[in-house]
1. Give the nm distances, rounded to one decimal, from A:PRO175 to the matching residue in every other copy, measuring between label points 7 Å along Cα toward the beta carbon; shortest first.
2. Calculate the mean, over all residues of peptide B:113-121, of how many other protein chain Cβ atoms lie within 10 angstrom of the residue's Cβ.
3. Trypsin sites (Lys or Arg not before Pro) within region B:244-317: which are DSSP loop residues with at most 10 other Cβ atoms inside 10 Å?
4. Counting only helical runs of four or more DSSP H residues, what would the 222 nm mean residue ellipticity of chain A come to if each run contributes -39,500 (n - 2.57) and the total is spread over all its residues?
5. Dipole magnitude of chain A about its Cα centre, charges +1 at Lys/Arg Cβ and -1 at Asp/Glu Cβ only, in debye to the nearest 20?
6. I'm checking a number: the convex hull volume of the Cα atoms of region B:1-58, normalised per residue, in Å³. What is it?
7. Taking the Cα centre of region B:8-191 as origin and charging only Cβ (+1 Lys, Arg; -1 Asp, Glu), how large is the dipole, in debye to the nearest 20?
8. At q = 0.09, 0.10 Å⁻¹, what log₁₀ I(q)/I(0) does the protein assembly as shown have when each alpha carbon counts as one equal point scatterer in the Debye sum?
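FYI, it's all coordinate maths here, none of it is from the lab. Model, not experiment: these values are computed from the prediction. So basically every Cβ, Gly included, is an ideal-geometry build from the backbone, and we count neighbours across all protein chains shown.
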Protein chains: 2
Amino acid sequence: MTDKTDQIIVVGHRNPDTDAITAALVYADFLRRMNVNAKAYRLGDLNNETKFVLQTAGVEQPDMIPDNIPEGTQVALVDHNESQQSMKDLKKMRVSHVVDHHKLGDLTTSEPVYLRFEPVGCTGTILTKIFRENHLDIDQKTATLLLSAILSDTLHFRSPTTTEDDKKVVEYLHPLAKIDDIQAYAGKLFEAKSDLTGFSASQILLLDFKTFPFQNEHWAVGTAETCNTDKILERKDEFLKEMVEEKKKHKLNGFLFCVVDILKEKNLTLIPTEDEDKVVRQAFKVDIKDGIADLGSNISRKKQIVPTLEAYFNGKNK
Amino acid sequence: MTDKTDQIIVVGHRNPDTDAITAALVYADFLRRMNVNAKAYRLGDLNNETKFVLQTAGVEQPDMIPDNIPEGTQVALVDHNESQQSMKDLKKMRVSHVVDHHKLGDLTTSEPVYLRFEPVGCTGTILTKIFRENHLDIDQKTATLLLSAILSDTLHFRSPTTTEDDKKVVEYLHPLAKIDDIQAYAGKLFEAKSDLTGFSASQILLLDFKTFPFQNEHWAVGTAETCNTDKILERKDEFLKEMVEEKKKHKLNGFLFCVVDILKEKNLTLIPTEDEDKVVRQAFKVDIKDGIADLGSNISRKKQIVPTLEAYFNGKNK
């Protein structure tokens, strides 16, 4: 990164998932096709699902973001907008573009910028629209990246975040990606997502880990979307203990770990201490037994878990 | 407004200009065509230019926003996003859509939303793109509203905020609006904009008045874009005196009033007290004589005045 002055850095969120990585790659490509000098970076290691997707598409993973990004560097954010979930010192950078499908957090800018937010299931859906609006061809590799991200983020349309737009875009991308059987391909994605072989408890907790400010408190919600919840729940005590350690390490007021059964569309959330116990009981009106809260069909962090916690902390449910 | 539950309120900023009013009308129309129940309102009285535009297009002005909007009402913001510039109690409403070309201010949301920001000269340019992306016809009335807003906001491409996109969109709208001579039409707009007959000094100061938080301070920047700066400057003493009153009334730390010569593209800014004198000297590196700072070609509040002040208050120019 020698020529930093006019190159835009494109990044997805920390603890990247498939949408974060593929959106960075595809949006950097879009910007370059608009004659903007842009390069995708990643903010962390890839999970097994994302590795599988890049391998299927025949695309290299983005470089890890360097440590020494100068202040004032131009940055494009995809699949996130909150500084806590972004690169180090984001507040010292010049954010010029954001493409996202999350709530708008603490982002502010000192000049007009490009923002494209839509309440759809996946950043890939918005990116596909942007390509089409600009009459750009989508090649097989790009279509595979986008399609995979949508299947991953929406749990193949099972997630309540799924919209008609996501389904239409998948229909459009399907022939371009030249993937025969979408259902079978989604199955392979979820299998890769569920494969936690070789990961420690701490690594699993942080694989899909996002922090959120709620009033004066600092919370984290981690998620494991899996076809095999038993594999995780049988290590429950190990996770609960490790969550207490992670809480300290990240200076958190609360930490929830949602174990989401992709196929049954159910969420069993691990509750490490009295702090979370009190909040979850009141916010979700549920009972908690042996460190597990059955949050039922509340499987979307973005659309269900975080808004419920936010409403609680804003005093609406108190 | 009896059926508030599912109707989205669409509003431009306070002290509305042509873009704020036409964007509210056109975006409400767009949402309705997307089967969303939406209605445009205005947050203040129309200026003479906007009255002329609506008359030319044959369109009624939007209703004034009622006082009793219930908390949690769904709101779409156009041509602004900062709460200080918006409807009363915006923080208690549910913002679901924003289309804007300003910097991103203090907006946050608790759920994913539609945001469409582009650093172009006018909201009308973005709205035209949105219509085209959605393959919607633009009728003569709508084209006239959009075209007028772009000519007004960009001072017919004289403002440094003007982009290639604004010019391309005007080219596209021109035949649809069925206005023969764009140059002559822009002249009529600026004549209407310059016509301050019957307005008191206080009314003129507030016609195009926006407030901005800078660190812990609360500033306002008003603008009069006119073909006849003499008419205003000959009343300078009256304005300077009235500005001190308005500062008190709005509890401002600073208040600048930019008198912009549309045709010569020059900005002479009125400086009411020592507070503004100190900041403007340091932030813009200019001399100030007899309550007037010659800010030269800094004619854009959004792109030049406010970013310079913001950089000053953020300590960059201190």
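1. So the distances to the same position in the other copies read 3.1 nm.
2. Taking the mean over all residues of the peptide, I get 6.
3. Values: sites: B:LYS247, B:LYS248, B:LYS249, B:LYS251, B:LYS264, B:LYS266, B:LYS278, B:ARG281, B:LYS285, B:LYS289, B:ARG301, B:LYS302, B:LYS303, B:LYS316; in loops: B:LYS251, B:LYS264, B:LYS285, B:LYS316.
Answer by residue number: B:LYS251, B:LYS285.
4. After summing the helix terms and dividing by the residues of chain A, the value is -12000 deg cm²/dmol.
5. I would put it at about 520 debye.
6. Cα-based convex hull of region B:1-58, divided per residue, equals 84 Å³.
7. Magnitude of the dipole: close to 260 debye.
8. -0.79, -0.95
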